[in-house]
1. Would you give the gap between the C-alpha center of segment 122-148 and the C-alpha center of segment 336-358, rounded to a whole Å?
2. Quick one: compute the contact order of segment 61-161, relative version, from alpha carbon pairs under 8 angstrom and 6+ residues apart, as a percent.
3. Excluding ligands and nucleic acids, what accessible area in Å² is computed for residue 381 using a 1.4 Å probe, to the nearest 10?
4. Any idea of residue 77's accessible area? Nearest 10 Å², probe 1.4 Å.
5. Based on the Cβ-Cβ distance of residue 227 and residue 125, what FRET efficiency does E = 1/(1 + (r/R0)^6) give at R0 = 45 Å, to the nearest 0.05?
6. Taking 0.36 nm per intervening residue step and subtracting the Cα-Cα distance, what contour gain separates residue 209 from residue 104 on full extension?
7. Multiplying the sequence separation of residue 273 and residue 37 by 0.36 nm and subtracting their Cα-Cα distance, what value in nm do you get?
8. Arrange the residues 320, 275 by how much accessible surface each exposes, largest first, with a 1.4 angstrom probe.
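The values are calculated or read from the model by the stated rules, or taken from the named source; none is laboratory data. Since this is a predicted model, take the numbers as computed values, not measurements. Because the Cβ atoms are built from the backbone with ideal geometry, glycine has one as well, and the counts that use them run over all protein chains shown. Calculation scope for accessible area: heavy atoms of the full protein, side chains included, ligands and nucleic acids excluded. Shrake-Rupley method; radii C 1.70, N 1.55, O 1.52, S 1.80 Å.
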Amino acid sequence: MAIDSQTATTPTPTTTDRTNGLRAEAPGSEGLTGRAKLVLFVLCAAQFMVALDFSVLNVALPVLGKDLGLSRSALQWAVTAFALPSGGFLLLFGRIADLYGRKKLFLLGLALFGAASLLATLAWDPASFLAGRALQGLGAAVIVPTGMSLLTTTFPEGPLRDKAVGISGTLLSLGFTIGMVLGGVMTDTLGWRSTMGLLSVTAVIVFALAPGLLPESRTPDRPRLDVPGAVTVTGGLLALIYSLSSAAQRGFGGVDVWGTLLAGLVLLVAFAVVESRTPAPLVSLPMLKRRTIAWGNLAGLVTFSMMSTVIFVLTLYLQETLGLSSFRTGLVFGVQGVASAFAGSFAPKVIGRFGARRTLTGSLLGQGLFTAALLAVGADSGALVATVAVSVASMFHLGAIISYGLTVTSGVPDAEQGLATGLVTTTQQVGLTIGIPLLGVLATTQTSLFGGVRTVLVADAAIVVAAAVLVGVGLGAGRTRKA
């Protein structure tokens, strides 16, 4: 289904989407009707809610641990319990949504997320809290790919989709940033439970608005779900995310870390074998060979993993090297969030002018160069330089987020949008997971923290710039104007 920017007309018959009486009649138009804005609000609110959940609890962990009796070593499970299902089940639920209906699954995910947030709010011991977090992650694994595929199938390729994905990407970035600031304020004033209660209330509001606004999808010739593929890819992703999340906390020395990492890689290889032989694969291997899918997801993996690493080491630098308080550190990231929002407002126009592929390449290059600019900070001063450099780097990062999402989903049939957006969001989750254990350890294991931070920044910037060159060549960004 596509929402018209000017008028609503009787839909043309389609094999993939019920249109609720709306279809794009002027896809080149950049305006949005009132109904289109409401649809966009609902979908973006859901994505913002999930992004908020990634960060709103972080600053509350010490207080939460004391209240529930979670040891310092066990606090990582407050994050890992969410990350495992939210990353491991994305591809599976994206494909189920393609086959059985995106709207139904989206509503189910909202209901599960809201109920899980309520359980986490009322948690009476560590087990009940971690159960709530795991169920939140499962709900997020449903909401993210279905919400994104509803967005890409509702708004047609061109200015409308560019604008919609731009707004969604901006709110995604703001969700992470606002969560860090809001979590601290709410924990200090209302207690840590208020952070989980906020998510529950938000889920109820979105759930109340969604049924009357969102279209349903259908697949007349529905193939059977690829169960072996679903089992191997989900198991592989779960094992991979567990091993990398554990490594971020304890390093790569543990037997369980290497064991689960090896198991995850074996399962993902088995998944590739299964998909090459099944008549109705969960993921079409020829689809993965498309330049836009392969290179676009590589760009997404790099931009998310490397920016998450920058945020991690910059937090260490500001607080432990310069001695800034948590509040002043939060202000630095608040400026970063404002800069990201500003970038999100004009990113669709840049994409419309230069195309998603060129914008993606340029955004990666800008992120890498301004990450390198952070090397100008000193051991005794540099808060202002850090604020400016990370804010500009984040502007380019947001451009990369938006343009890589558009690159990966462009030209994909509506019937496979759930899979395509599942790949986008899986790349995002894995990227957020791998950056810190792979590079962040360089900052925390060296004798001098400041020296370690500089080492990480050099490696980070080099990786992003190299990725920009590879992605530009791989996508042929210099030979085509549009994605």
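1. Result: 32 Å between the Cα centres.
2. Details: 123 pairs, mean separation 36.0, N = 101.
Once divided by the residue count of segment 61-161, the mean separation gives 36 percent.
3. For residue 381, the solvent-accessible surface is approximately 80 Å².
4. Number for this one is 90 Å².
5. Numbers: r = 36 Å, r/R0 = 0.79.
Given R0 = 45 Å and the Cβ-Cβ separation, E is 0.80.
6. Numbers: separation 105, 0.36 × 105 = 37.80 nm, distance 1.37 nm.
Value of the extension gain: 36.4 nm.
7. Numbers: separation 236, 0.36 × 236 = 84.96 nm, distance 4.31 nm.
Roughly 80.6 nm would be gained on extension.
8. On the way: 320 130, 275 10 Å².
Output order, biggest surface exposure first: 320, 275.
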